[in-house]
Amino acid sequence: MKLYEKTAHELHDLLQAKEISATELTAEVLAHVDEVENKIGAYIEITRDKATADAKAVDEKISRGEKISALEGIPCAVKDNICTKGIRTTCASKILENFVPPYDATAYNKLSAQNPILIGKANMDEFAMGGSTENSGFHVTRNPHNLDCVPGGSSGGSAAAVAGGEAVFALGSDTGGSIRQPASFCGVVGLKPTYGRVSRYGLVAYASSLDQIGTITRDVEDCANVMNAIAGHDEMDSTSTAAPVPDFTKSLVADVKGLKIGLPKEYFVKGIDGEVEKSVRKAAETFEKLGAEIIEISLPHTDYAISTYYLIAPAEAATNLERYDGVSYGARVNGIDVVDMMTNTRTEKFGAEVKRRIMIGNYALSAGYYDAYYLKALKVRTLIQRDFIDAFKNVDVILAPTAPTAAFKIGEMISDPLKMYLQDICTVPLNLAGLPGISVPCGMTSSGLPIGFQLIGKALDEATIIKAAYTYEKNN
Ligand code: GLN
């Protein structure tokens, strides 16, 4: 096995034992990036010089006989909507093409304290709007398992980098499934933490009441280590929770005896691919054999989740994206007066999907429609939250498909936005309810594409879904 295919914890052991050096590891990953990046396209920017210099510093530390952290010297990718001081952060948008943040996002700052090696900033759908990475303002990312297929999105670059050996782990963001769905499409592990568990400070805002930074890794153990690095209260984000953060590596125990797992019947209905359904049900059987109790449950408002999400998220996006006016942030396209300049800037620099969402959002918020659309969506959001509260009275975790299908072909859905939106049915309810979810690989389709299931946890209970995911991984 090549070094770039190993997990972070395997590489950590090799580094600490001085069997490999961080310089050697980084050079191998960068050489692999040079080999495959023109096919996969996982990155917007590769931070080669920084990576090489940082690896050298880690090696010096090891040679002094010092102990290194779990992620020290491990090559990683960071989604390009997470601000990195002095490193271009574009959100895959032409409007931020030359934006170099003067500060770090808290999550990246915390991660950097562990001294991983940043290989680059990962491609994504523009402003995280999409589920295929085809909406990037720069290029499409391809699925390493099949280059004709999408890697999912919007954190498609992060997931493709980890699956394709271009990074060992990655940070992504998830507003309606953008960590879990690409993780599932690329055959890796993706965790969206509870809303507020990880600071959003320095995450370029898409829909602020839904956005959450999380992890994309090769296995559950790496997920626990990256979560340990990034979770926790931040006074710079008033929505970040002050709840104590457990040591997530304590959840790396293979035991689900007595665990009550709910299977929501609404997640196994029309539109779900037969092979996906079969794999997820097989995973339920595996859990049962390992001593868990499987209980059929109902989340009755699931059907309304897509419409609710596609009102709330665009409404928040329309508001958040007002700041890109050619004055305070990003690109400017001149005009004959200020209004003309703003119009030209936004017309030329935003992509089609971003414009569509701004229009939907402003429409839903406009006088006369506000009550009928936005306010109603907020009420239905509460009903969806209550569905989960009720369900969690009887079960500890919920098991469902991550996405209704495996990765689809590039170009297959891009001309039909509604079809693309419907893909998010299994992931958006968690964001609306603020709950944590982890996507875990559970097999392959007959055409060789990964399938993933999702474990949904109670608010702030990442520990239990990590433990269940770990148990499955160890026994599969
Ligand atoms: N696919 C969803 C959307 O387009 C989710 C995106 C996300 O989680 N950032 O909004």
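Among the candidates 112, 158, the residue that is within 15 Å of the ligand (Cβ to nearest atom) and either within 22 Å of residue 313 (Cα to Cα) or at pLDDT 95 or above (or both) is uniquely 158. Please indicate, with yes or no, whether at least one residue in the range 213-234 is surrounded by fewer than 18 Cβ atoms within 10 Å (Cβ to Cβ) and away from the ligand (no atom under 16 Å from the Cβ). Within the range 213-234, one or more residues are surrounded by fewer than 18 Cβ atoms within 10 Å (Cβ to Cβ) and away from the ligand (no atom under 16 Å from the Cβ). Candidates in the range 414-432 are the residues that are among the aliphatic types (A, V, I, L, M) and surrounded by fewer than 20 Cβ atoms within 10 Å (Cβ to Cβ); of these, the one that is nearest to residue 178 (Cα to Cα) is 422. Taken over the range 164-184, the criterion of being in contact with a strand residue (DSSP E or B) (Cβ under 6 Å, 6 or more places away or on another chain) and within 15 Å of the ligand (Cβ to nearest atom) is satisfied by 170, 171, 172, 173, 174, 179, 180, 183, 184. In the range 377-392 there is at least one residue that is away from the ligand (no atom under 16 Å from the Cβ) and outside any helix (DSSP H, G or I). Of the residues examined, residue 306 is not one that is under 22 Å from residue 72 (Cβ atoms), within 16 Å of the ligand (Cβ to nearest atom) and surrounded by 17 or more Cβ atoms within 10 Å (Cβ to Cβ).
For residue 208, the criteria (1) buried (at least 21 other Cβ atoms within 10 Å of the Cβ); (2) touching a helix residue (DSSP H, G or I) at 6+ places or on another chain (Cβ under 7 Å); (3) part of a loop (DSSP other than H, G, I, E, B) hold in every case but one, which is (1). Look at (1) over 23 Å from residue 263 (Cα atoms); (2) away from the ligand (no atom under 14 Å from the Cβ); (3) at pLDDT 95 or above and you find that residue 408 fails only one, number (2).
Looking at the range 414-430, which of its residues are more than 11 Å from the ligand (Cβ to nearest atom) and in a loop (DSSP other than H, G, I, E, B)? Once the filter is applied, which keeps residues that are more than 11 Å from the ligand (Cβ to nearest atom) and in a loop (DSSP other than H, G, I, E, B), the range 414-430 yields 414, 415, 416. Count of the range 270-294 residues, restricted to those that are over 17 Å from residue 456 (Cβ atoms), over 25 Å from the mean Cα position of the chain (by Cα) and not in a helix (DSSP H, G or I), is 3.
The values are calculated or read from the model by the stated rules, or taken from the named source; none is laboratory data. Just so it is clear, the model here is predicted, and its values are computed rather than measured. Ideal geometry is used to build each Cβ from the backbone, glycine not excepted, and the neighbour counts take in all protein chains shown.
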